[in-house]
Structure formats: structure tokens, C-alpha cells
Amino acid sequence: MAGALLLWWWAGRGWLLEVNGYPVGVVASPAVVQAAVAELAKTTRLPGKVKLKDQITYRRLWWPCRQVLSLAELKERLRGRLSFCAEAVAVEVNGRPCFFFSDEATARAFLEEVRRLYTVKPGVPASFAEKISLVKKEVPLGKLMTLAEALKLVKEGERVEEKYTIKEGDTFWDLAVSLGLSVEDIIACNPNLDPWHLQPGQEIKLVRERPYLTVVQSYTERREEEVPFPVQKEYTDQLPPGKVEVVQPGVPGKCEKVYEVVAQNGREISRRLVETREITPPQAQVERLGRRILLASRGGGHSGLIWPASGPITSPFGPRWGGFHTGIDIGAPYGAPVIAAASGRVIRAGWYAGYGETVDIDHGGGVVTRYAHLSAIYVGVGEWVVQGQRIGSIGMTGRATGPHLHFEVIVNGVPRDPQRYLP
Ligand SMILES: [Zn+2]
């Protein structure tokens, strides 16, 4: 009788297995569970190093011994329910763990590979802009990366979600261009938005790609460059007006320039010139220009001058209101073009007392033309202008009662009657 009772007692005992407090099944003994966990751990990538993260507890209970779980059944139930973790080496970027490797050697190889990937200048040290540290950490097995997986992540960059508040006048298309995204990307992030009717103050979501790591290279670069040759102009009476003859062709020089370059992730972000050393100086080109232009006035042939503005002469050269009008006034609408009457060098460009905004052009041989009362000036002192080039706009600056061009022809410092030179 006692023996039968004992047999019943022994046969009816089981262990209720709980994982993290949740019942999983009844087993014959904790040893079966340990065997199942050990076999599951073996199927992971790092069988030797993994630790079980879950809490396993047992409760004794009465249970018909024929109905306990077999090892195979138990493994099936535990698969996917257990999470293993491993001691990993985390690569922290500015204190944030981003990449996880099973050992330090792989972590170091990874950083070396990223550095190599973004090196533009071999032999120049490459450093990370971010603060990088290797930290030992226990992480779930699924977070561990192979070298190839981590490198793929680096190449893709990190997707960061940002919010953007619509400003007056924004359109999806302008936004896409200024943010470096495609319109499709922006629409995909904001499926409920009507791209045709953006409201100022409205918030939209943007997903942008940001690099995890920034490899910086700073180096100096020496480069041979060409130096353009200067042009020396000589005026001559032997050539017709406006005609140019090259007496001696110019030869460009050579110099060595030293730049300080900074590259980030393989892209040059700044280049500064720090030194220029001449190797061979350029040889100037010598040109002869026909200047006969202004020495012959009307009647004696063609002077070469063209009208600086189109319009009637509203006030001629000569005595006027008890004084002397040193040029001609050409009536033209405000803002109309004023052009160079002949080629030459600009010797004045700016405000000149009663003349207002004024341009003077030196044509060589003591001949200067003057354009006064301008509303705008398009040339600067020292600039070479060609006949017909726009130099300004009709205005009424200085002593002028209405918009017009006051035009002078000055020969050896003496104003002459421009009409005698104009066609
Ligand atoms: Zn005038």
C-alpha cells in the first residue's frame, strides 16, 4: 500500500517552467530545460559567448508524468521565446553606441576600413570628426554586426527624421531642391499633405540621410598652374580706327600654387590658396590699335565715333544762357542705354559734381569722351571697353532738369563740338 502510494507520488510530480513569469510547459526536471537552452544557444552565431537574458523559474506541481514535454517539444516551444545576448564591443560615436561587434579586433578593423573607404589622399592621416570610443557592452545577439553589415550601414548613412515648418512662399519643389531631397521623398513622408496647397506654419516630416561617421583629411597640395599674360596696347595712326594688330604674341607664365585642402568623407569641402611661387613669368602680348579715330572731324572723313545714345539733340554745343555748353544734350527716356562712342579705357566712373554720375573714357592720343547725368554705371575705372558696349543708363543725376545724356568730346583737355565727330 505504502509502495503504491509512493509510486503514484513519484510518477505524478512535474515542474512547471516559466520564462519571465509566463508559463511555458511542464517538464520532468530542470535538467531537461538546461539541456534545451544549451542546444538552442549552440545554434546562435557565438555559441561559446552567449548568455540567456530571460529569467527561468520552476514551480513544482502534480502532473501525470506521461504528459511532460520531451526535449524536442521543449526546444520548439522555447525557440523564439528566449533571447540570448553576448558581450559585445560597441563603437560609440559621440557617446552613442552605433555599431556592435563580437570582439575588439573586428571593431578596430571596421574603423580602419571606414578610414580607408573615405581617404582621398593616400599617405595623409585621416581622422574622425566625431569622438569614437570602444566600450564593452552586453547586447542582444540580433544587434551584433559583421564587418560587412556595419560597412553597408556606414555607406547608406543614418535616416534621421526631422520636422520642418512651412514658411510663406514655400513650395514642395523649392523645398526639395534646397534640402537636397526628391519631391517623391517628401510626399512619401507626408502622405496626407496636398502639395499644391501648403499653409505657412504647417509642419511636415522630412527624412534625411546623415553620415554616421565623418572622416577628415587635411593636407597641402602643390599644383603647377598657368599665369595669363597681360596685354600691352599701343595706339598708332597707321591703322584704321578699331583695328587691332598683334605685334608680339603673349606667352602664358607658369607658377606653383600651394593649397590647404580639407576633405570630408572623400569630398573636398575647402581649398585655400596659401602660397604662389613663380616658375616662369608670362610674356606680355603687344597689340597696336588704330587711333586715327578722333583726329579727323566730320568733313575730313569718318571719325570713327558712334552715337552714345539714340535721341534728338535737345541742346547743342556752344554759348548758352550767358555761359558755355561744353557738350551736347541728347534727349532719351530714363533708363535707356548709353554706349561707348569708341573703344578705350575708363578713367572715371562715379559722381562728378554738377555732372552727377559720370563716365569718362580715354581713347588715347589725348582724346576723352564724357557721359554725364547717368542713372546707372556698368563699368569701373581701369576697365577696357569696346565701341558700342553699354556703359550706363540715361538719368538726370547732378544738374539736370530732365532725363538726358550730356555728351562731351575732349581733345587735349579742351571740349570740342561732338557733332563734328558724330556720323
Ligand atoms: Zn549738357
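The residues listed here are Arg370, Arg399; of these, the one that is under 16 Å from Ile306 (Cα atoms), touching a residue at least 12 places away in the same chain (Cβ under 8 Å) and within 16 Å of the ligand (Cβ to nearest atom) is Arg370. In the stretch 336-358, the residue that is surrounded by the most Cβ atoms within 10 Å (Cβ to Cβ) out of those that are of a type in the set (Phe, Trp, Tyr) and more than 10 Å from the ligand (Cβ to nearest atom) is Tyr352.
Of all the listed residues (Ala150, Ala88), the sole one being at pLDDT 85 or above, in a strand (DSSP E or B) and over 30 Å from His197 (Cα atoms) is Ala88. A Cβ distance below 8 Å, combined with a sequence gap of six or more or placement on separate chains, defines the contacts here; from the stretch 312-335, residues that are assigned by TED's automatic domain parsing to the domain that holds Thr401 and more than 11 Å from the ligand (Cβ to nearest atom) reach residues that are of a type in the set (Ser, Thr, Tyr) and part of a strand (DSSP E or B) in the pairs Tyr334/Ser393; Gly335/Ser393.
Out of everything in the stretch 225-259 that is modelled with pLDDT under 75 and surrounded by 15 or more Cβ atoms within 10 Å (Cβ to Cβ), what residue ends up being farthest from Glu287 (Cα to Cα)? Restricting to residues being modelled with pLDDT under 75 and surrounded by 15 or more Cβ atoms within 10 Å (Cβ to Cβ), the top hit is Pro241. Restricting Gly304, Gly299, Gly311, Gly290 to residues that are surrounded by 12 or more Cβ atoms within 10 Å (Cβ to Cβ), on the phi > 0 side of the Ramachandran plot, over 30 Å from the mean Cα position of the chain (by Cα) and at pLDDT below 90 narrows the list to Gly304. Under the condition of being among the β-branched types (Val, Ile, Thr) and at pLDDT below 90, the residues counted in the stretch 91-113 number 0.
The values are calculated or read from the model by the stated rules, or taken from the named source; none is laboratory data. Owing to the predicted nature of the structure, the values given are computational and were not obtained by experimental measurement. Neighbour counts are summed over all protein chains in view; Cβ atoms, including those assigned to glycine, are modelled from backbone coordinates with ideal geometry.
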